[in-house]
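Have a look at the structure below before the remarks.
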Amino acid sequence: MEQVFLRCNKRCLLVDFNIPRTLYNAPHLARKFGKQRMQIEKDKVVSIFYHLRDAGGESLENTQDGIPLAYLHGHNNLLPALEKSLEGRQLGDKFSVTLGPDDAYGPVREGATQRVPIKHLLGNPKRLRPDMLVRVQTDRGAVSARVLKVGKFMVDVDLNHPFAGKTLIFDIEVTAVRDASSEEIAHGHAHGEGGHHH
């Protein structure tokens, strides 16, 4: 069997001349003979760009022009159905997934309106106005809410998630997959850019 080293970008590739010469290009060799890409599974830190739309095509969130979202797979850091759709994916994969309300943020709940002290809003938001999204500290932890009415010391909010009752479409691109550190696994989330900052 005749073999030869091809020099490509200052790196040597061992090539088998039994392969047709038309296949001698570095990207093809990397895909055919290179190391298999890491798959998304539990305890992997995954970075993704995503564009979130509703069923009518309205854009709700978009990270594609910024920093990708980094999360620790298998630790309940995403919607369960969304995380399931990422299982087994690899770096460079692009796909779309549609989630109905039951798999996303649930149906709109009646009677979810509450009057809460403004001081219980996280981040000390200024110039509160109707339809503004805020974070409210509750007995169950911080939750998202939509402002309905603003008073001097109190605010009426709708505690339904802003996307409750919506069918959501996620357009996703996997930009990185790596092993999580022991510290990330212990903390239950990804650290660094796009992840959790202590």
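Readers should treat all values here as calculations from the given coordinates under stated rules, not as data from a laboratory. Quick caveat: nothing in here was measured; it's all calculated off a predicted structure. Note: ideal-geometry Cβ built from the backbone for every residue, glycine included; neighbour counts use all protein chains shown.
Protection proxy ranking, highest mean first, for peptides 131-143, 68-80, 174-186: 68-80, 174-186, 131-143, where packing is the per-residue count of other beta-carbon atoms within 10 Å, averaged. Rg and Dmax, both from the Cα atoms of region 113-158 and both in Å, are 9.2, 26. Distant-in-sequence amide contacts of residue 175, defined by a placed amide H-H separation under 5 Å and a gap of 5 or more residues or a different chain, comprise 47, 48, 49, 92. Say the cut-off is 30 Å between C-alpha atoms; which of 42/94; 84/119; 94/166; 42/119; 44/126 go over it? Violating the 30 Å Cα-Cα cut-off are 84/119; 42/119; 44/126. When the Cα atoms of region 119-198 are aligned to their principal axes, the ranges along those axes come out at 49, 30, 23 Å in descending order. Residues in region 68-83 carry Karplus couplings, in order, of x, 6, 10, 9, 9, 6, x, 10, 6, 9, 10, 4, x, 5, 5, 4 Hz; the curve used is 6.51 cos²θ - 1.76 cosθ + 1.60 with θ = phi - 60°, and Gly or Pro positions show x.
Proximity of backbone amide H atoms, modeled 1.01 Å from N, is registered between residue 148 and 131, 156, 157, 158 at under 5 Å, excluding neighbours fewer than 5 places apart on the same chain.
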